[in-house]
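Trainee: First, the structure itself, so that you have it in front of you.
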Amino acid sequence: MSGARTDIEAVEAANTALYEAVERGDVDALSELWLDDEISVVHPGWPVLTGRGEVLRSYALIMANTEYIQFFLTDVEISVLGDTALVSCTENILSGGPAEEDGSAGPLVGGLVVATNVFRRTEDGDWKVWSHHGSPVLVESEDDEEDGTSPDDGDITM
């Protein structure tokens, strides 16, 4: 039983490293966390991207266009079966664009994304990302609550 707990802790550490690399904008560190081939990613609102080149390019693009990003992970569930692990979580994201002209911080925006990260254990025993899929969580805005509309009415914010 202790081996299973060790695997869960190792997967949790690999999952945390993934988000920390994105927060730092560290493409090299991010690159080290992914398998070498047959990988895929779905960012919220994006099509499926496959292959190491496309996946890493997508992260580089996101990092280059995001001045600040921080992830607060909640609802983290980890399952390990052999050499494959599944992590589901909610990404509570705080992000911001470029600084204002006066040098002050740009506006910060919050968002929720439900994510599934699939890891594979390599021959070296390291857990590497095989696939990431993020889907936005649709939430009601305060305006919806006041006027009685709901997200089903087509007035949706993310």
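The values are calculated or read from the model by the stated rules, or taken from the named source; none is laboratory data. Quantities reported herein were computed from a predicted structural model and do not represent experimental measurements. Heads up, the Cβs are rebuilt from the backbone with ideal geometry, glycines too, and the neighbour counts pull from every protein chain shown. All accessible areas refer to the heavy atoms of the entire protein, side chains included, with ligands and DNA or RNA removed. Shrake-Rupley method; radii C 1.70, N 1.55, O 1.52, S 1.80 Å.
Trainee: With the checklist (1) touching a residue at least 40 places away in the same chain (Cβ under 8 Å); (2) under 14 Å from Trp130 (Cα atoms); (3) of a type in the set (Gly, Ala, Ser) in hand, flag the one item Ser31 doesn't pass.
Mentor: Only one criterion is unmet by Ser31, namely (1).
Trainee: Ok, one more. Need the failing condition index for Thr157 against (1) at pLDDT 70 or above; (2) open to solvent by 40 Å² or more (accessible area, probe 1.4 Å), just the number.
Mentor: With respect to (1) at pLDDT 70 or above; (2) open to solvent by 40 Å² or more (accessible area, probe 1.4 Å), Thr157 is out only on (1).
Trainee: Something else: Among the residues of region 102-117, write down those that are free of Cβ contacts under 8 Å to residues at least 40 places away in the same chain and surrounded by fewer than 16 Cβ atoms within 10 Å (Cβ to Cβ). Steps first, please.
Mentor: Looking only at region 102-117, we keep the residues that are free of Cβ contacts under 8 Å to residues at least 40 places away in the same chain, and these are 102-107, 109-110, 114-116.
Passing the criteria: Asp102, Gly103, Ser104, Ala105, Gly106, Pro107, Val109, Gly110, Val114, Thr116.
Trainee: What residue, of Ile8, Ile62, Ile69, is surrounded by 14 or more Cβ atoms within 10 Å (Cβ to Cβ), of a type in the set (A, V, I, L, M, F, W, C) and part of a strand (DSSP E or B)?
Mentor: Going through Ile8, Ile62, Ile69 in turn, the sole match is Ile69.
Trainee: Determine the pairs where a residue that is of a type in the set (D, E, K, R) and surrounded by fewer than 18 Cβ atoms within 10 Å (Cβ to Cβ), located within region 84-101, has a partner that is modelled with pLDDT under 95 and part of a loop (DSSP other than H, G, I, E, B) with Cβ atoms under 8 Å apart, the partner being 6 or more residues away or on another chain.
Mentor: Close Cβ pairs satisfying both conditions: Glu100/Gly106.
Trainee: Something else now. Among the residues of region 45-62, what is the count of those that are closer than 21 Å to Arg24 by Cβ and out of contact with any Asp or Glu (no Cβ under 8 Å at 6 or more places or on another chain)?
Mentor: Selection size over region 45-62: 8.
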